[in-house]
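**Student:** After the structure tokens below, expect a handful of questions from me.
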Amino acid sequence: AMPAINQEVVLWGKDDALGKWLTSQKIPWRPYSGESPGRRELILVGNSGGDLPAFRELVSRMAAGSAVVFLSSSVFAHGDNPLALLPLAAKGSLINLDFVAGYYRGDAFAPLHPVFDGLPAGGVLDYNIYRNIIPQGGWGFAGTDVPGDLIVGNIQLSYGYASNIQMAAYHFGAGSFVINTLHIREYLGTDPVAELLLRNLLNYAARGLDKPPADLPADFQQLLKAIGYE
């Protein structure tokens, strides 16, 4: 049986198919509202994002203690910068490890981690199990700020050296967020591994959300400036 989601999911951005999937799985959810509900939220972002003011509002909710799960890197694109809206000071870039090394594919790896409960992990991920989930080309984040929790990395050692991050969690004020390039969103409903990863990921992100919201950090304006949201 799949793990239950014990926290209401708040869906940010317009991703109707993801909303339908949550409903079909009887996972409690509601659309994101501009009105703060006065509690910490578990906010899920699918393949649709928002403009800079929308992101600014989202990160203020996050700084006060909410947790945000970004399932796709595409929501951070703005203008010609694919990671302009990534809420980190060092945004780095998205790199394709296969392009670096051609024939020699990178290896995705993960520690034993709550996101992998019920799945094999603790080393290189078995391609037979994760073949739909590991992105073709080994796409991931490189040169970004060091995460609080590296969940999935990809490393290419056969031909020179290259590495990137495919899933990681970051602290942000009193809250947190997760970034991801694994094909979880793309395979919901067709590969049970994607569903199990998402359910585990939501439960992992939801830890600590029962506390009341925190005040915005005193240096919140500087934080916005550091991540380029001013």
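The values are calculated or read from the model by the stated rules, or taken from the named source; none is laboratory data. What you see is a predicted model, and the numbers here were worked out from it, not measured in a lab. FYI the Cβ positions are ideal-geometry reconstructions off the backbone, even for glycines, and counts take in every protein chain you see. Heavy atoms of the whole protein, side chains included, go into the accessibility calculation; ligands, DNA and RNA do not. Shrake-Rupley method; radii C 1.70, N 1.55, O 1.52, S 1.80 Å.
**Student:** For region 175-230, go through all pairs of different Cα atoms, get the mean of 1/r, take its inverse, and jot down that Kirkwood value in Å.
**Tutor:** Averaging 1/r across every pair of different Cα atoms and inverting gives 14.1 Å.
**Student:** Indicate, rounded to the nearest 5 percent, the antiparallel portion of the DSSP beta bridges found entirely in region 1-84.
**Tutor:** Working: 1 of 12 bridges.
Given both bridge residues lie in region 1-84, the antiparallel proportion sits at roughly 10 percent.
**Student:** If you don't mind, there's one more thing I want to ask. Over all distinct Cα pairs, what is the inverse of the mean 1/r for the chain, reported as the Kirkwood hydrodynamic radius in Å?
**Tutor:** Evaluated over the chain, this radius sits at 18.0 Å.
**Student:** If packing is taken as the average number of other Cβ atoms within 10 Å across a peptide's residues, how do 126-132, 29-35, 198-204, 53-59 rank, most packed first?
**Tutor:** The packing order, highest mean first, is 198-204, 53-59, 126-132, 29-35.
**Student:** Give me the percent of the accessible area of the chain that comes from carbon and sulfur atoms, probe 1.4 Å, all protein chains in place. Intermediate values should be presented prior to the final figure.
**Tutor:** Values: 5770 of 10600 Å².
It is 54 percent, rounded to a whole number.
**Student:** In Å², and per residue, what accessible area does region 71-230 have when probed at 1.4 Å with the other protein chains present?
**Tutor:** 47
**Student:** Considering the convex hull of the alpha carbon atoms of region 12-115, report its projected area averaged over all viewing directions, in nm², one decimal.
**Tutor:** 9.4
**Student:** Just to compare against my own numbers: the Cα pair-distance distribution for region 101-144, 10 Å bins, whole % per bin, please.
**Tutor:** Once binned at 10 Å, the Cα pair distances of region 101-144 give 24, 52, 23, 1.
**Student:** Also, I was wondering about something else. Which whole-number value in Å³ per residue fits the convex hull of the alpha carbons of region 119-217? List each step's numbers first, then the result.
**Tutor:** Details: hull volume 12.1 nm³, N = 99.
Cα-based convex hull of region 119-217, divided per residue, equals 122 Å³.
**Student:** When N is the residue count of region 52-186, what does its C-alpha Rg come to as a fraction of 2.2 N^0.38 Å? If you can, show how the numbers build up before the last one.
**Tutor:** Details: Rg = 15.1 Å, N = 135, 2.2 N^0.38 = 14.2 Å.
That works out to 1.06 for region 52-186.
**Student:** Please report the antiparallel percentage of the DSSP beta bridges confined to the chain, to the nearest 5.
**Tutor:** Antiparallel bridges: around 65 percent, rounded to the nearest 5.
**Student:** Same structure again: Order 21, 139, most accessible first, counting only protein heavy atoms with a 1.4 angstrom probe. If you can, show how the numbers build up before the last one.
**Tutor:** Working: 21 25, 139 110 Å².
Sorted descending by solvent-accessible area, the residues read 139, 21.
**Student:** Note down the relative contact order for region 112-192 as a percent, whole number, built from C-alpha pairs under 8 angstrom at least six residues apart.
**Tutor:** Details: 94 pairs, mean separation 20.5, N = 81.
In percent, rounded to a whole number, it is 25.
**Student:** Tell me, what is the FRET efficiency for residue 20 and residue 142 to the nearest 0.05, using R0 = 41 angstrom and their Cβ-Cβ distance as r?
**Tutor:** On the way: r = 34 Å, r/R0 = 0.82.
The formula returns an efficiency of 0.75 here.
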